[in-house]
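Take a look at the structure below.
Please treat every number below as a calculation from the coordinates, not as lab data. Quantities reported herein were computed from a predicted structural model and do not represent experimental measurements. All Cβ positions, glycine included, derive from the backbone under ideal geometry; neighbour counts span all protein chains shown.
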Amino acid sequence: MIKAILLSIVFTVSLFYLSAQSIYVSNACISGELILSKTDDVNGKPAYETTGTVDGISGTDVSISWLGDPDNLWVLSFDGQPYFYSSYTGNTVPTTSSATWQAVDGTSCSGSEQLIISNTSTLPVTIGYFSGVIENSAAVLSWNTYSEINNKGFTIQRSDNGYSWLNIGFKEGALHSNTEKKYSYTDLSFSGSQYYRLQQEDIEGNKSYSKTISLSTSDAENYKIKNNPSKAIFVISIPSGKDITVSVYNTRGAKVFNQKVKSGNVPINLSGNSAGIYFLHVVNDGKLSTSKLIKE
């Protein structure tokens, strides 16, 4: 009987470990630390995905999944293209501290630090989401954190080209926190098309960066939201474009809708999700546009 109980405990713990909801990826050519959320299993093993800034390109799809026979490899992919792989054959994503991850031949992903894949945050501040919308000709930025250690605060940075950055504001951090904190900043000097990112700094002067987002006054010409707020189904009207992907994220950074579409009306069904704020991402010909959705 005791042996049966012990086996049950081990089995339960194993199931819990296999169902971990997040994987953290940073360094190499990745801006900041990305939180990959668990999706449906792929080839019998858990898969994870998110979007972030890779090689300076925002809105890049980042995923980790298992390739079955004949490859039998874990792969880290950017926009569906494998860039790193591990020959570890276990049922959970291997961390870079427990297994070897190698760059795929023929790919280029450079950075000042080695790739880090972990099942816990490697940064002193864990950012859940960072998004922005244009309201009354101003850029309204919002973000949240799930944990903060020695966090002095966030410098908000703006760029015309995505490479040269200007400090435009500062928000004090919570210093120490293990609960969710929400932040916002309004850029009244926004005009045309701008890039934004957060520079997080701890009390010792160490710095890290969020993903980069872009906002443009032309976003309204790229698509229209026909019904916002909505109780269940939002309809996005996209007049034209190519390689269009529509995604929706909740405030915890988890993707709740993702679909490659053509021009026309795109229904987004959030009836199975709770009421609250969601973030719409429309990638049209490589350009990311964002909006805020409100589910009643």
Q. How large is log10 I(q)/I(0) at q = 0.09, 0.13, 0.16 Å⁻¹ when the Debye formula is applied to the Cα atoms of segment 150-296, each weighted equally and without solvent?
A. -0.34, -0.70, -0.99
Q) For segment 71-125, what class follows from the C-alpha gyration tensor (a ≥ b ≥ c being the square roots of its eigenvalues): rounded when a/c is under 1.5, otherwise prolate if a/b is larger than b/c, else oblate? A) oblate
Q.
Under a Cβ-only charge scheme (Lys and Arg +1, Asp and Glu -1), can you give me the dipole magnitude of segment 200-296 about the Cα centre, in debye to the nearest 20?
A. 440 debye
Q) Expressed as an acute angle from 0 to 90° and rounded to the nearest 10, what is the orientation of the C-alpha long axis of helix 2-18 relative to the principal long axis of the chain? A) 30 degrees
Q: With an 8 Å cut-off on Cα pairs and a minimum separation of 6 or more residues, tell me the relative contact order of segment 219-295 in percent.
A: 33 percent
(Q) Suppose R0 equals 45 Å. What FRET efficiency, 1/(1 + (r/R0)^6) with r the Cβ-Cβ distance, do Asp40 and Thr186 give to the nearest 0.05? (A) 0.75
Q) Of the labelled options (i) 18.9, 59; (ii) 20.0, 70; (iii) 18.7, 67, which one gives Rg and Dmax of the Cα atoms in Å as computed for this structure? A) (ii)
Q. Relative to the Cα centre, what is the charge dipole magnitude of the chain, using +1 at the beta carbon of each Lys and Arg, -1 at the beta carbon of each Asp and Glu, and rounding to the nearest 20 debye?
A. 800 debye
Q.
Suppose we take every Cα in segment 131-171 and form the convex hull; what volume per residue is that in Å³?
A. 104 Å³
Q. Of the cross-linked pairs Lys207/Lys231; Lys38/Lys224; Lys171/Lys226; Lys38/Lys181, which ones have a Cα-Cα span greater than 32 Å in the structure shown?
A. Lys207/Lys231; Lys171/Lys226
